[in-house]
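To start, the structure under review is shown below, and the notes come after it.
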Amino acid sequence: MDYQYSDGRLQIRRTDDEKKPILQRLKRIEGQVRGLQAMVQEDRYCLDEVQQMNAITAAVREAALQLISNHLDASVDYAVRSQDHDGAVAEMVRVLRAALRQT
């Protein structure tokens, strides 16, 4: 993972290997959404549809946690290397605040 810090923001550049598990998870979520669409088209039982929605929500949260974990890891690395602890902490708080808004 590579990153650049400018204008108070930490921009992460993931390698293809680092992107792979995130993209795989997103493709699985995409499949779950298509499955839910089919369930609605077929007028499946409401509880089954709601359970599928809950599974999608949980999967999206896990994908978000993967992204946040990568970002926090890079922020800690940046803080250690640059000795800009205040900037790194501000970046981490910004990301965590955004993550908490989605719940």
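The values are calculated or read from the model by the stated rules, or taken from the named source; none is laboratory data. Computed from a predicted model, the values in this text were never measured in an experiment. Reconstructed Cβ throughout: ideal geometry from the backbone, glycine too, with neighbour counts over all protein chains shown. Please note that ligands, DNA and RNA were not included when accessible areas were found on the heavy atoms of the full protein model with its side chains. Shrake-Rupley method; radii C 1.70, N 1.55, O 1.52, S 1.80 Å.
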For this session: State whether one or more residues within region 50-73 are touching a strand residue (DSSP E or B) at 6+ places or on another chain (Cβ under 7 Å) and not acidic (Asp, Glu).
Result: yes
Problem set entry | Positions within region 5-23 being surrounded by fewer than 11 Cβ atoms within 10 Å (Cβ to Cβ) and free of Cβ contacts under 8 Å to residues at least 12 places away in the same chain, in sequence order | 6, 7, 16, 17
For this session: For region 38-62, enumerate the residues that are open to solvent by 90 Å² or more (accessible area, probe 1.4 Å) and small (Gly, Ala, Ser).
Result: none
Exercise. Out of region 68-89, which residues are crowded, with 16+ Cβ neighbours inside 10 Å and farther than 12 Å from residue 12 by Cβ?
Worked result: 79, 87, 88
Exercise. Given the structure, is residue 91 part of a helix (DSSP H, G or I), among the acidic types (Asp, Glu) and at pLDDT 90 or above?
Worked result: no
Problem set entry | Count of region 55-95 residues which are aliphatic (A, V, I, L, M) and within 23 Å of residue 20 (Cβ to Cβ) | 14
Problem set entry | Check on residue 65, within 18 Å of residue 1 (Cα to Cα), exposed (fewer than 14 other Cβ atoms within 10 Å of the Cβ), under 21 Å from the mean Cα position of the chain (by Cα) and among the hydrophobic types (A, V, I, L, M, F, W, C) | yes
